[in-house]
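A short worksheet on the structure shown next.
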Amino acid sequence: HLKAWGKHCGIDSKKMHAHAFRHFFAKMFLKKTKDIIQLADLLGHGSVDTTRIYLQKSYDEQQRDFNKNVTW
């Protein structure tokens, strides 16, 4: 049902899976709290290094940040 709902909303079905919501939560939580230790605990990670995997930016996010911050 999740993929069908995403398709209905125009979201790539490859990006529509339950784990994507976990990644979204991690990014939003860290953006608000800036507390990666608490985030790691909430996600049940034994290491902050595991949590950092969730916080990697997509190519589109990196490109947007680059274009926003670098002017030639």
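Any read-out appearing in this document is the output of simple, stated calculations on the displayed coordinates, not a laboratory observation. Model, not experiment: these values are computed from the prediction. So basically every Cβ, Gly included, is an ideal-geometry build from the backbone, and we count neighbours across all protein chains shown.
Structure data summary
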read-out: Cβ-Cβ under 9 Å pairs, at least 6 apart or on other chains, the range 3-31 side more than 18 Å from Ile53 (Cβ to Cβ), far side hydroxyl-bearing (Ser, Thr, Tyr); value: Lys3/Ser13; Ala4/Ser13; Gly6/Ser13; Lys7/Ser13
read-out: Given (1) surrounded by 10 or more Cβ atoms within 10 Å (Cβ to Cβ); (2) assigned to a helix (DSSP H, G or I), number of the condition Lys57 does not satisfy; value: (2)
read-out: Matching residues, the range 25-72, being among the charged types (D, E, K, R) and closer than 17 Å to Lys15 by Cβ; value: Lys27, Lys57, Asp60, Glu61, Arg64
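For (1) surrounded by 10 or more Cβ atoms within 10 Å (Cβ to Cβ); (2) acidic (Asp, Glu); (3) in contact with a Lys or Arg (Cβ under 7 Å, 6 or more places away or on another chain), each residue gets a yes or a no:
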position	(1), (2), (3)
Ala18	no, no, no
Arg22	yes, no, no
Met28	yes, no, no
Lys31	no, no, no
Lys34	no, no, no
Gln38	yes, no, no
Asp41	yes, yes, no
His45	yes, no, no
Arg52	yes, no, no
